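Working notes, structure below.
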Amino acid sequence: MKLALVGVGAVGSRMVDRILEVEADTGRAFTRGNALVCDIARTPADGFDAVPEDQRVLLGDTHERVTAEGVEGDLELAADVAGADLPEFRRALDSIAIHESDGVLLVADLGSATGSGAGSVLVEELQGLYDEPLYVLGALPADDDGGTAALNAARALRSIVPTADSTLAFDRETWPGDPERDDDPEIRALATRVATLFAAGELDSPVVAENAMDSSDLIRTLDPGGVSSIGYAATDVEPDERGFLGRLLAWFSRSTDDDEATDAAKVKSLVQRAANTRLTIPCEVSSAERALVVLSGPPSELSRRGFESARQWLEAEADTVEILAGDDPRPRSSTLEAVVIFSNVTDVPRIDALQRRALDVQAAREGESASNDGADDARADAASETRDADGLDAADSDSGAGDASDDAPLIEDAEAVADDASE
């Protein structure tokens, strides 16, 4: 699937950079350099290895409230800046060939102010500009990231999930690490999953797939929308250095069924591991509406028997017959990989937990705001009594104590986020 990437915020931009790196390192070609990263700051960030300088855009660099640190956690400011700089964003989009792509993947850290605030604005903008499917790869905060991050992510989910064609979730609680690090291994692992999934079906290998798939299979799998989760497993194998004739002769010269049975068992086991271990967000796979599995590696390792057996197992496990499958032969690869995506999963405990924490944080802020308002009323009454008794003008005393603008709720109804994600 030919995909254009758009990174939002420091972490989202770094994730895009890693996806491009993995694409180059593995000889895949599904983006073909169609990537744009944008951040809100006074000066451009560095540390990019794969995104060219002319495909990086800075938003808000002339905004009076944007500092050297960016929006300093102010989600509303990030949304305002993104909205004001939409003309600049549109001009930057001209540097990538979105109309030649099968879809767009926006990547953002939804726990950050920029990823949540600006990300929501840009998702809506991209959806309005292009007919191609728009997917979002969103990182959800870990518990240690704090209540504000949970509230940011809850608000982002509520706006993004109904707008995007599908939201691929990446849970930082399940995948701990330091997203600020350029070499974060968890981000690299995520990039490997994304590249293996979306590169399937692209004509970047000299070998034609036996179980061919194309972009329409991915689009169909993600068509239900909602939240999706990606699983992955890999094992080392010997690269297939033979030519086409050699591989054909080897296939016809199998002496017994034992070799085929061994290969089939290996493939089935690999798909089972991909579906059962470290999904990008933990979920009950039986709650998925559709699923897709891709097997990638040397052609000699792509057992059709194992592939069909794995597909049947996946149909039973996911409790759906909407299972699409395809292989992605890589003759020079020394790794056999299986990637599975479950779309529109509705039983996602981490999102439920995120919702509850967001509600608690919002309730605490509303309570604090009400308490401050009550204190202001008491102070105003005391000032009035003082003026009546002493004839003094205390109108200016404590005049700023009741400003609760910073404590205004960030979401109107956080409970609706989980409902939106499951619809």
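The values are calculated or read from the model by the stated rules, or taken from the named source; none is laboratory data. Keep in mind that what you see is a predicted model, and the values were worked out from it rather than measured. Cβ atoms come from the backbone with ideal geometry, glycine included; neighbour counts cover every protein chain shown. Areas reflect the complete protein model, heavy atoms only, side chains present, ligands, DNA and RNA absent. Shrake-Rupley method; radii C 1.70, N 1.55, O 1.52, S 1.80 Å.
Values as computed for the structure displayed
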quantity: For segment 129-138, Karplus couplings with θ = phi - 60° (6.51, -1.76, 1.60), whole Hz, Gly/Pro x; calculated: 7, 10, 8, 5, x, 10, 10, 10, 9, x
quantity: Per residue accessible area in Å² of segment 1-118, where ligands, DNA and RNA are left out and the probe is 1.4 Å; calculated: 39 Å²
quantity: Kirkwood Rh in Å, taken over all unlike Cα pairs in segment 33-169; calculated: 15.2 Å
quantity: Length-normalised contact order of segment 55-154 in % [C-alpha pairs under 8 Å, at least 6 apart]; calculated: 30 percent
quantity: ³J(HN,Hα), Karplus 6.51/-1.76/1.60, whole Hz, each residue of segment 34-43, x for Gly, Pro; calculated: 7, 8, 9, 10, 9, 9, 10, 6, 7, 10
quantity: Estimated FRET transfer efficiency (Thr67, Asp360; beta-carbon r; R0 30 Å; 0.05); calculated: 0.55
quantity: Whole-percent carbon and sulfur share, accessible surface of segment 1-145, 1.4 Å; calculated: 42 percent
quantity: Residue-wise HN-Hα coupling along segment 68-83, computed from phi with Karplus coefficients 6.51, -1.76, 1.60 (Hz; x: Gly, Pro); calculated: 4, 8, x, 8, 6, x, 8, 4, 5, 5, 4, 5, 5, 5, 4, x
quantity: Gyration tensor (alpha-carbon) shape descriptor, segment 138-193, a/c threshold 1.5; calculated: oblate
quantity: Whole-angstrom gap from segment 56-130 to segment 325-361, using each part's C-alpha centre; calculated: 25 Å
quantity: Label-point gap, in nm, between Ser334 and Ala316 - each point 7 angstrom along Cα→Cβ; calculated: 3.6 nm
quantity: Computed FRET value (nearest 0.05) for Asp183 with Arg304, which takes r as the C-beta separation and R₀ as 22 Å; calculated: 0.05
quantity: Alpha-carbon radius of gyration plus Dmax, which is the widest Cα pair, for segment 101-198 in Å; calculated: 13.3, 38
